[in-house]
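One structure is given below, encoded as structure tokens.
The values are calculated or read from the model by the stated rules, or taken from the named source; none is laboratory data. Only a predicted model underlies this, so the values are computations on that prediction, with no experimental measurement involved. FYI the Cβ positions are ideal-geometry reconstructions off the backbone, even for glycines, and counts take in every protein chain you see.
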Amino acid sequence: MATKSRLGLGLPEVVSRLEMFAPTRLAEPWDNVGLLVEPSQQLFPQIRGRGRRAWALQACLSHTPHPFQTQLRDQLKYGLSTVEDGFVSQHLSSYAKNFHPRQQLPRYPVECYPLFTILRAWNQTSVDLLSLDIEGMEMGVMANMPWHLVDIKMVLVETFLGYLWNPNTDLMRWFMEERGYLAMRLQHDWLFVRRDCEYARDAEAIVKRVRHDITKLKESHVADPFND
């Protein structure tokens, strides 16, 4: 296979990285195997050390159709590890820099791959739950996914970015509804459930119950955090 197809996929690089952490021969007998993608040099060793029956890839998700290299500001201490690419991520990095001007933030190069590239390298384009928590780059990842080539039943997207709400939230909701997904808000996340999948029948009742439980938590500082 060529290094890049017309979709801008760099499969060989991704496959080699995945093989380092979970050889494909071990995946055959597994059931319900997951995939964890994390670029942080601080977090990734913790993920590998937990002994999960899951693949792990130390990389970023690309918000474009192509792989690329960028810089990661590893601001784990402040909950804001972000890539230096995109308005929202830059905005978050500026917040942390202004709040802690004397703090030297770790900064190093990271590889970014389109999600579809990673799924193809993993040889798994059918996914029950995709969870995206990448500090503002979610819309780009979703927009550049060839949805007609994947079978993703549920997508959970974080929309609260520590200091601000993701300005692309309404766009993400419209985008997913246009692709046949139910859109339901949790407190800091949106859950999208494909209307024709087996989880759709009970999804609204479950989310309603979860929303009710969240309002009762001590961490909920408002009576009704679901003004949608």
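For residues that are over 15 Å from Asp128 (Cα atoms) and assigned to a strand (DSSP E or B), tally how many sit in the range 183-201.
Matching residues across the range 183-201 total 5.
Count, please, the residues in the range 142-155 that happen to be more than 27 Å from Asp202 (Cβ to Cβ) and part of a helix (DSSP H, G or I).
Within the range 142-155, residues that are more than 27 Å from Asp202 (Cβ to Cβ) and part of a helix (DSSP H, G or I) number 2.
Can you confirm whether Arg194 is out of contact with any Ser or Thr (no Cβ under 6 Å at 6 or more places or on another chain) and modelled with pLDDT under 90?
no
Within the set of pairs 6+ apart or on separate chains, which have a first residue in the range 196-218 that is over 15 Å from Ala183 (Cα atoms), a second that is among the basic types (Lys, Arg) and modelled with pLDDT of 80 or more, and C-beta atoms under 8 Å apart?
Pairs that qualify, where the first residue is over 15 Å from Ala183 (Cα atoms) and the partner is among the basic types (Lys, Arg) and modelled with pLDDT of 80 or more, are Glu198/Lys153.
For the range 93-130, how many residues meet the condition of being at pLDDT 85 or above, loosely packed, with under 14 Cβ neighbours inside 10 Å and closer than 24 Å to Phe160 by Cα?
The qualifying residues number 2.
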